[in-house]
1. Less than 13 Å from a label point 7 Å out along the Cα-to-Cβ axis of R110: which backbone N atoms in the range 138-167 qualify, by residue?
2. Take the alpha carbon atoms of the chain, find their radius of gyration, then divide it by 2.2 N^0.38 Å using N residues; give the quotient.
3. Let a ≥ b ≥ c be the square roots of the eigenvalues of the Cα gyration tensor of the range 132-181; is it rounded (a/c under 1.5), or, if not, prolate (a/b larger than b/c) or oblate?
4. Specify which residue in the list L275, T417, P322 is farthest towards the positive end of the charge dipole of the chain, using unit charges on the beta carbon of Lys, Arg (+1) and Asp, Glu (-1), about the Cα centre.
5. Which value, in debye to the nearest 20, gives the size of the charge dipole of the chain about its Cα centre, when Lys and Arg are +1 and Asp and Glu are -1 at the Cβ?
6. In whole percent, and with a 1.4 Å probe on the protein chains, what portion of the accessible area of the range 297-390 is carbon and sulfur?
7. What ranking do 429-435, 118-124, 491-497 get when scored by the average of other Cβ atoms within 10 Å per residue, highest first?
8. Between their Cα atoms, which of K90/K125; K125/K241; K90/K167 are more than 22 Å away from each other?
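The values are calculated or read from the model by the stated rules, or taken from the named source; none is laboratory data. All figures in this text were calculated on a predicted structure; none of them were measured in a lab. Reconstructed Cβ throughout: ideal geometry from the backbone, glycine too, with neighbour counts over all protein chains shown. Accessible surface areas use protein heavy atoms only, side chains included; no ligands, DNA or RNA. Shrake-Rupley method; radii C 1.70, N 1.55, O 1.52, S 1.80 Å.
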Amino acid sequence: MSAAADRALNRRTFLAAAAGTGAVAYSAATSVRSAAAAAPDVEVRSAAADDPTEATVAEALTLLRRGKLSATDLVQAHLDRIERFDGVYKAYNTVTAGSALAAAAEVDARRDVRRALSGIPLCIKDNYWTAGVPTTANSTVFADFVPDSDATAVTRLTAAGGIVLGKGQMGPLATTRATTPAGEVTTVNAWTPGDPSVDPGGSSTGPATAVAARMAASSIGTQTGGSITNPSLQQNLTGLKPTMGRTSIAGIIPLTFTRDHSGPLARDAMDAAILTSVMAGPDPADPRTLGLPDVPDLVTAATPVRDGRGVRVRRDTRIGVPADWFEGVGPEVAAARQGFLDRMGALRGVTIVDVTYPADWELLTGAFNAVRLSERTEPFRHWLRKDLTLFGVSSLSWLQGLMLSGDEWITGQRAKTWLLQELYAGLFESCDVVLQTSPVPFDILGLPEIAFPVGEAPAYEGGPAAPTGVILGGQPYEEDRLLEVAAAHQAITEFHLRRPADPPSGVQLLSAPALRLDAQQVAATAQ
């Protein structure tokens, strides 16, 4: 099939799926896919061999298969770091040490090291249902909620051998960075643990900080307005937000049904591919996942292509650069972005092209972004009518949703369809993937995105150095092409291998007056 025909098929399928999107009640009767094929053995760095918390998922699986590491030792090493450092990072709100060690012992007893995630310790964002373990979405509304079943994504990860270390802290009901319901900042950026004012990236910050601080090998989060890609940018991770419907949201406390996505926050492209391949595929409990193109071979896509002439991108790929990609950033970020373009432009198979947004881009992606607020209020109307104080510091942003009229929502949906058509008729005619200045436009459309590190820059003017990265957006169901680009870049750089230093001994956050967000700040930044 030609590339043009393939894109046309993707477009028709995606539009049909988007038109059929709707809310469904979650049922425990979810199907469990056959686990994805295990990742190939990889070369294990000496740092990973010496310290299992340093290892990527692929490296840890290689060590487990070779008998150089036990699942129990791998899980215990991460639990030791949680005990030692999470008082500073505040990445977890629940740690399930006992069940994690029991699961690891079972993997070791059975010598069960051939599944896609055998023995791999994971952090799960606290809006994913976890059977018998509190699932609070860090909110007063669900403070006492203990599900009797797992979310589909959790079911698939554990069926593939993954081990849940605990629940990652998050923004209340996924609306902002991790705070208490009253707005007091909790989770910090692992790269700047002594300065809680540095944003760790969005509502999935607990899972992101857990991976960055080596308190989990990988994690899963959710994205409605940037909460997979933004924490990845700001904490040196590789985050993949799949196409709407590629992974199930059944069993996830919702924010909006037309923009919620589930996906991994990982250390590199290969790890993101492994987790996504396990999570992806049809789920009867989520009709968004049904009737879609088959899941491509994501692990192969994330495997760098090397020959006698060095690294090349797996398929010829045109990377689109919008005119505003260098605007509104400091010189260090601009230099990191230019370095990325220089490196990628030198790779065989890559063409860098300038692209132009549709003329009404700002209107379609700006003003109409507000329609998401009414979708947020719909599943929570009972609680909003009962007691608005249950929504704490985010109550103002919830009220905004109640104020939107039905005709405004319909106009927003028409704008969304028009925007998607304009992307295909314009921007995607000249490129295969596009660099983005914000994750929001592709979140609105449900298109896939990947974020990965390309350098470092001050966290703020005069502040400490922190990671910086890029976001690439792609066409529907082409997560494999995004992974191919990220894998090629990571094959010729080492940014993704950097880890933050441990907090200095004795550091205790919030001993000074606590950093607190108010309702207006949350409303201005809410997803």
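1. 158-163
2. 0.90
3. Note, shape of the range 132-181 comes out prolate.
4. L275
5. The dipole of the chain has a size of about 800 debye.
6. On the range 297-390, the fraction of accessible area on carbon and sulfur atoms equals 52 percent.
7. 118-124, 429-435, 491-497
8. Numbers: K90/K125 13 Å; K125/K241 15 Å; K90/K167 11 Å.
Violating the 22 Å Cα-Cα cut-off are zero pairs.
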